[in-house]
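Student: Okay, here's the structure, questions in a sec.
The values are calculated or read from the model by the stated rules, or taken from the named source; none is laboratory data. It should be emphasised that the depicted structure is a prediction, and the values quoted were computed from it without experimental measurement. Please note: Cβ atoms are built from the backbone with ideal geometry, for glycine as well, and neighbour counts cover all protein chains shown.
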Ligand SMILES: C[S@@+](CC[C@H](N)C(=O)[O-])C[C@H]1O[C@@H](n2cnc3c(N)ncnc32)[C@H](O)[C@@H]1O
């Protein structure tokens with residue numbers, strides 16, 4: 001992939017739609033609605049639930065044919081069409097090797113291992129250093145069953161204790177290598193002397209879902225310690241600080257490409273997750289209650305900006321509205337004399353329902369942009385590694401339905 005030309009195309013597209021991704025719909029509502037083309041809202045409003053669900057899943061819908069909304073969706077598809085890893089035979093490993101490992105993790109490990117084996121054949125690295133390795137499933141499979149020495153680094157001692165106990169339980173194959181657990185905080189200066197013992201020019205770094213800025217720390221350390229390279233999967237981009245953690249590359253900085261703010265990073269984090277119709281309906285319900293609460297706070301408490309209202313159990317959203325809003329007002333320490341009936345009438349009011357419908361349709365439009373933002377963010381990381389002399393490739397490693405944060409950056413010092 002030519003990262004520069006891809007970045008230019010992504011940047012142009014993202015700039016065009018920045019009013020949409022830069023703001024949550026609740027922020028500055030109702031003005032935010034003006035950023036969404038009226039024609040698209042009307043078109044989406046004419047769809048039934050199944051068709052809207054299809055749009056949300058990025059599937060073609062007959063009624064959208066030849067519309068400017070269809071062109072928008074197609075542009076996103078083209079910009080986010082990252083190739084799958086070119087070869088990934090699922091290596092046969094008996095079930096016992098994956099006892100107690102969730103389906104998602106098993107799938108990820110089975111996709112990653114063949115790539116690491118191929119890289120090892122080529123670059124002859126000494127060991128894989130798994131940053132944020134958690135309980136160390138990946139390291140265990142690499143070392144015990146594929147003879148690749150590995151070090152699992154994590155700052156969480158409990159995870160590592162569980163991992164060490166598990167090592168005793170699993171049978172090793174002939175020629176098995178050891179798994180080393182190191183308890184340290186990657187990126188903390190005090191821990192760098194220990195880190196240097198394992199993370200050096202003969203190691204390959206790995207970050208399987210290194211949250212937010214941890215992926216950047218891995219990238220920076222790869223360059224500083226001049227390791228053989230890295231395989232990195234990001235997640236939780238909203239934990240990054242825009243400007244400080246993004247962008248990294250000179251190419252993005254010199255071209256003054258748009259900087260992703262917290263709302264853009266959050267949208268990128270949640271993008272591209274396949275779902276069932278049930279999940280979609282729950283999502284709609286959650287949004288409707290959350291937005292109705294926001295509109296209530298606006299109208300009765302003069303609160304116009306986004307407020308953190310905490311989490312609640314999904315079952316709450318299928319009870320009458322007054323249960324949900326009473327719980328939230330209590331959480332926010334807001335005293336009131338509203339009755340349950342008043343709350344439910346507020347929610348059932350057709351004018352409010354219409355507002356909620358439009359807000360939801362706008363969200364459907366906004367969600368489409370998430371994957372484009374994620375690719376835009378990952379391409380910046382790729383360019384930064386290229387600028388530091390690495391040969392870089394970006395692929396989709398995992399099935400979206402099992403593991404939606406599936407973009408892997410492979411950067412190698414050849
Ligand atoms: C999302 S989990 C991923 C765990 C594992 N790689 C996996 O795929 O199952 C992120 C892990 O990174 C660890 N972590 C976060 N920041 C860290 C740091 N600076 N140094 C070491 N570990 C860190 C956390 O404790 C957590 O186990």
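Student: May I ask you to verify whether residue 204 is in contact (Cβ under 8 Å) with a residue 12 or more places away in the chain and assigned to a strand (DSSP E or B)?
Tutor: Against the criterion (in contact (Cβ under 8 Å) with a residue 12 or more places away in the chain and assigned to a strand (DSSP E or B)), residue 204 qualifies.
Student: In the stretch 216-233, which residue that is under 19 Å from residue 393 (Cβ atoms) and within 10 Å of the ligand (Cβ to nearest atom) is surrounded by the fewest Cβ atoms within 10 Å (Cβ to Cβ)?
Tutor: Checked the stretch 216-233; the qualifying residue surrounded by the fewest Cβ atoms within 10 Å (Cβ to Cβ) is 233.
Student: Follow-up question, since we're still on this one. For residues that are assigned to a loop (DSSP other than H, G, I, E, B) and within 19 Å of residue 345 (Cβ to Cβ), tally how many sit in the stretch 276-327.
Tutor: The total comes to 2.
Student: Here's a follow-up. Please tell me if residue 138 is in contact with a helix residue (DSSP H, G or I) (Cβ under 9 Å, 6 or more places away or on another chain) and buried (at least 21 other Cβ atoms within 10 Å of the Cβ).
Tutor: Here the answer is yes, as residue 138 does meet what is asked.
Student: Please give the number of the condition residue 83 fails out of (1) assigned by TED's automatic domain parsing to the domain that holds residue 399; (2) modelled with pLDDT of 95 or more; (3) more than 13 Å from the ligand (Cβ to nearest atom).
Tutor: For residue 83, the failing item is (1).
Student: Something else now. Looking at this structure, is residue 263 in the same structural domain as residue 381 (by TED's automatic domain parsing) and in a helix (DSSP H, G or I)?
Tutor: The answer is yes for residue 263.
Student: Hey, another quick one. Give the residues of the stretch 166-191 that are farther than 21 Å from residue 100 by Cα and within 14 Å of the ligand (Cβ to nearest atom), sorted by residue number.
Tutor: Matches in the stretch 166-191: 182, 183, 184, 185, 186, 187, 188, 189, 190, 191.
Student: Mind checking whether some residue in the stretch 121-139 is outside any loop (DSSP other than H, G, I, E, B), without any contact (Cβ under 8 Å) to a residue 60 or more places away in the chain, more than 9 Å from the ligand (Cβ to nearest atom) and within 16 Å of residue 207 (Cα to Cα)?
Tutor: yes
Student: Looking at this structure, is residue 399 modelled with pLDDT under 95, over 29 Å from residue 310 (Cβ atoms), in the same structural domain as residue 107 (by TED's automatic domain parsing) and surrounded by 14 or more Cβ atoms within 10 Å (Cβ to Cβ)?
Tutor: Considered against the rule, which asks whether it is modelled with pLDDT under 95, over 29 Å from residue 310 (Cβ atoms), in the same structural domain as residue 107 (by TED's automatic domain parsing) and surrounded by 14 or more Cβ atoms within 10 Å (Cβ to Cβ), residue 399 comes out as yes.
Student: So which residues in the stretch 140-179 are assigned to a strand (DSSP E or B) and modelled with pLDDT of 95 or more?
Tutor: 150, 151, 152, 153, 154
Yes/no matrix, rows are residues, columns are (1) more than 30 Å from residue 141 (Cβ to Cβ); (2) surrounded by 13 or more Cβ atoms within 10 Å (Cβ to Cβ):
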site	(1), (2)
63	yes, yes
71	yes, no
117	no, yes
120	no, yes
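Student: Another question, then. Does residue 322 satisfy the criteria of being assigned by TED's automatic domain parsing to the domain that holds residue 284, more than 29 Å from residue 48 (Cα to Cα) and surrounded by 13 or more Cβ atoms within 10 Å (Cβ to Cβ)?
Tutor: no
Student: What residue, of 241, 256, 196, is within 30 Å of residue 307 (Cα to Cα), more than 10 Å from the ligand (Cβ to nearest atom) and without any contact (Cβ under 8 Å) to a residue 40 or more places away in the chain?
Tutor: 241
Student: May I ask you to verify whether residue 374 is crowded, with 18+ Cβ neighbours inside 10 Å, in contact with a helix residue (DSSP H, G or I) (Cβ under 7 Å, 6 or more places away or on another chain), at pLDDT 95 or above and in a helix (DSSP H, G or I)? Write out each step before concluding.
Tutor: On the way: crowded, with 18+ Cβ neighbours inside 10 Å: yes; in contact with a helix residue (DSSP H, G or I) (Cβ under 7 Å, 6 or more places away or on another chain): yes; at pLDDT 95 or above: yes; in a helix (DSSP H, G or I): yes.
When the stated conditions are applied, residue 374 passes them.
Student: Still on this structure, I have one more. Would it be correct to say that residue 346 is farther than 27 Å from residue 263 by Cα and in a helix (DSSP H, G or I)?
Tutor: yes
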